[in-house]
Structure formats: C-alpha cells, structure tokens
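None of the figures in this text is laboratory data; all of them are computed from the coordinates on show. The shown structure was predicted, so the numbers you read here are calculated from the model rather than taken from an experiment. Positions of Cβ are generated from backbone atoms using ideal geometry, with glycine treated the same way; all protein chains shown enter the neighbour counts.
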Amino acid sequence: MTFDVEIVLRERNYAVTERIEHGVEPHRWRESDVEAVLKQILLAIDRAKNPTARSGVVALRGFSWIVEPMDGNVVIAIEIPMGAAVAGPFAIGQDRLDAMIRRVIAAAALPSPTIH
C-alpha cells in the first residue's frame with residue numbers, strides 16, 4: 001500500500017508531502033507493520049528537515065501521537081520537536097490501530113539486555 005505523509009517543520013509555514021510504500025494493507029497490520037510505519041513517518045520528518053543527510057536510527061520515544069478518523073478511514077498524527085506529520089488515510093479501525101500503536105511504543109520502552 002502507498003500512503004502520504006504531510007509534514008510541517010517548525011519555523012516553516014508550508015507543508016511538504018512524501019509518499020511512502022508499505023507492503024501490507026492496513027486491515028492486515030500486525031505490531032511489526034505498525035512499528036515500521038511509525039519509523040517511516042519519523043524518517044520522513046527527518047528527510048524533510050535534512051534532505052541530504054543519510055537516514056539514521058529511529059527510536060519510538062519522545063513524540064506525541066494520535067489516531068484520528070478521516071473520511072471513513074483514519075490518519076496518524078505525530079508531533080516531535082522538529083515538526084509534525086499526518087500520515088494516511090489508512091483503512092483500519094481507529095481503536096485497533098490506537099491499541100497497536102500503544103503496544104508498539106510500550107514494547108520499545110522496555111529495557112533491552114546490554115552485552116559488554
């Protein structure tokens with residue numbers, strides 16, 4: 001599936017749109033798909049701010065998000081210190097997507113083992 005991400009950076013008064021490809025239709029998403037989509041949205045914001053930089057590592061923390069209805073589908077709105085983005089629309093239930101995002105973000109916040 002293909003979806004658009006509308007991005008507005010801080011201190012800019014215009015939006016840019018990036019089209020992103022994800023291989024699974026939203027009604028079939030699992031947590032791994034939600035994680036990938038969130039990371040793609042955050043990377044799109046970074047590319048809008050730093051178009052010549054190479055994409056780096058994405059952490060699923062430090063941002064605000066909400067799932068909102070739009071024309072019978074839903075969108076994901078994200079805000080981070082450098083700007084905001086709205087992605088979608090996605091053909092998936094609002095409550096289902098909201099719950100999956102909550103689980104993905106909670107899992108990302110769990111401590112991972114460190115090997116020295």
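Give, in nm to one decimal, the length gained when the segment between VAL57 and MET1 is fully stretched (0.36 nm per residue of separation minus the Cα-Cα distance).
Stretched fully, the VAL57-MET1 segment lengthens by 17.8 nm.
Given that just one value was derived from the coordinates, which of (1) 1.42; (2) 1.07; (3) 1.03 is Cα Rg over 2.2 N^0.38 Å?
(2)
Tell me which GluC sites (Glu not before Pro) from the range 31-116 have a DSSP coil assignment and no more than 14 other beta carbons within 10 Å of their own.
Filter output for the range 31-116: empty list.
Along the Cα-to-Cβ line of LEU110, 7 Å from the Cα, sits a label point; which residues in the range 59-81 have backbone N less than 17 Å from it?
Zone members listed by number: 60-61.
Per residue of the range 57-66, what does 6.51 cos²θ - 1.76 cosθ + 1.60 with θ = phi - 60° give for ³J(HN,Hα)? Whole Hz please, x for Gly and Pro, Karplus curve as stated.
Whole-Hz 3J(HN,Hα) from phi for the range 57-66: 7, 10, 10, 8, 7, x, 9, 9, 8, 7.
Taking the Cα centre of each part, how many Å lie between the range 1-22 and the range 48-98?
Using only Cα atoms to place each centre, the spacing works out to 10 Å.
Hey, what number do you get for the chain at 222 nm if only DSSP H runs of n ≥ 4 count, each worth -39500 (n - 2.57), divided across all residues, to the nearest 500?
Rounded to the nearest 500, the figure is -10000 deg cm²/dmol.
Kindly provide the trypsin sites (Lys or Arg not before Pro) of the range 15-78 that DSSP labels as loop, not H, G, I, E or B, and whose Cβ sees at most 13 other Cβ atoms within 10 Å.
ARG30, ARG54, ARG61
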